[in-house]
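Right, one structure below, let's go through it.
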Amino acid sequence: MIIKIKYNAIICKGCRIDELSKIRTFIIKQAIQYGFTDDEAQFIALATEEACTNIIKYSYKFDQTKDIEIVTYKLNEFFVVEINDEGKPFDPNQIDKIDINKIFRERKRGGLGIPIIKKIMDEIEYLPAESNKKKNSLLLKKLIPSN
Amino acid sequence: MNQTNKFEIQLSSISNIEIISLNGYLDAHTAPQLEKIIQDLMQNNKYKIIVDMKNLDYISSAGLGVFMAFIEEIRDNGGDIKLAELKPKVYKVFDLLGFPILFKILPTIDEAVKQFEPN
């Protein structure tokens, strides 16, 4: 896996689950620069990690020839973490609200990542790849603190 | 940048209660190690488990999922998984999805041990 960091972007070539901590560290630093507290920044990093884990496991199926590119920026009142991937499109907004008791009864160990992302972030936008846009983009948005 | 975050598990016991002490980062990469430990305990009919989290710095959904996967079978066998000494930042992740309703979360190991003692 090769990680390239350029100011507000991190490119993870051949992204592996055991090295997601590097993405976490990057996001925490970026979020703190936008005025989030340590705890808030760690939550935003957790949401980002959950999204990247899903891409690596379910979309790339651990294929290490594929890349994940993450860009952070301000858009209106939001801090945005934009995650770009080249896998099969999957819109997390299609997942209904979590029923934790159902997961409990069914003894499931998966399916908790997207609920965590939805609890942490204020808005989630998904832009699937199209003919003129090669990558899927997942935009995780968090309102920037006012003071 | 940080190196890959570490994760360690230590096992101990108090009378017939197993204590799993977690240290470091419990995420999608390290969760299978915890899963294996709990499976081994269950295979040896050890269903009374306390997870000591005082040195756990981070948990993601994969870590939460390990507890979800086994808790019902453990309770069906008369045991439980009780969670103790969570750091506030780890507790907040459990709290995000309403885990404190499903799991007994105690401030100390001693209090978790007492929960297993008959009234």
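Condition check for A:GLU77 on (1) modelled with pLDDT of 90 or more; (2) within 14 Å of the chain's Cα centre (by Cα): one failure, at (2).
Can you work out which of the residues in the stretch A:122-147 that are hydrophobic (A, V, I, L, M, F, W, C) and within 14 Å of A:ILE83 (Cα to Cα) is most open to solvent (accessible area, probe 1.4 Å)? Step through it out loud before you land on a result.
Residues of the stretch A:122-147 hydrophobic (A, V, I, L, M, F, W, C): A:124, A:127, A:129, A:138-140, A:143-144.
Filter once more, keeping what is within 14 Å of A:ILE83 (Cα to Cα): A:124, A:127, A:129, A:138-140.
Details: A:ILE124: 32, A:LEU127: 67, A:ALA129: 40, A:LEU138: 16, A:LEU139: 12, A:LEU140: 1 Å².
Among residues in the stretch A:122-147 that are hydrophobic (A, V, I, L, M, F, W, C) and within 14 Å of A:ILE83 (Cα to Cα), the one most open to solvent (accessible area, probe 1.4 Å) is A:LEU127.
Here A:ALA45 meets each of (1) surrounded by fewer than 17 Cβ atoms within 10 Å (Cβ to Cβ); (2) within 16 Å of B:VAL93 (Cβ to Cβ) with one exception, condition (1). Is there a residue being open to solvent by 40 Å² or more (accessible area, probe 1.4 Å), under 16 Å from B:GLU18 (Cα atoms) and touching a strand residue (DSSP E or B) at 6+ places or on another chain (Cβ under 7 Å) anywhere in the stretch B:46-57? Within the stretch B:46-57, one or more residues are open to solvent by 40 Å² or more (accessible area, probe 1.4 Å), under 16 Å from B:GLU18 (Cα atoms) and touching a strand residue (DSSP E or B) at 6+ places or on another chain (Cβ under 7 Å).
Kindly check whether there is at least one residue in the stretch B:16-25 that is farther than 24 Å from A:GLY113 by Cβ, open to solvent by 10 Å² or more (accessible area, probe 1.4 Å), acidic (Asp, Glu) and within 11 Å of another protein chain (Cβ to nearest Cβ). No.
The set of residues in the stretch A:4-15 that are surrounded by fewer than 20 Cβ atoms within 10 Å (Cβ to Cβ), modelled with pLDDT under 85 and outside any strand (DSSP E or B) comprises A:TYR7, A:GLY14.
Taking the stated definitions as given, is B:LYS92 more than 14 Å from every other protein chain (Cβ to nearest Cβ) and farther than 15 Å from A:ARG109 by Cβ? So B:LYS92 does not fit the description; no.
The values are calculated or read from the model by the stated rules, or taken from the named source; none is laboratory data. Bear in mind that the values here come from a model prediction, so they are computed numbers and not experimental data. Reconstructed Cβ throughout: ideal geometry from the backbone, glycine too, with neighbour counts over all protein chains shown. Note: accessible area is taken over every heavy atom of the protein model, side chains too, but ligands, DNA and RNA are not part of it. Shrake-Rupley method; radii C 1.70, N 1.55, O 1.52, S 1.80 Å.
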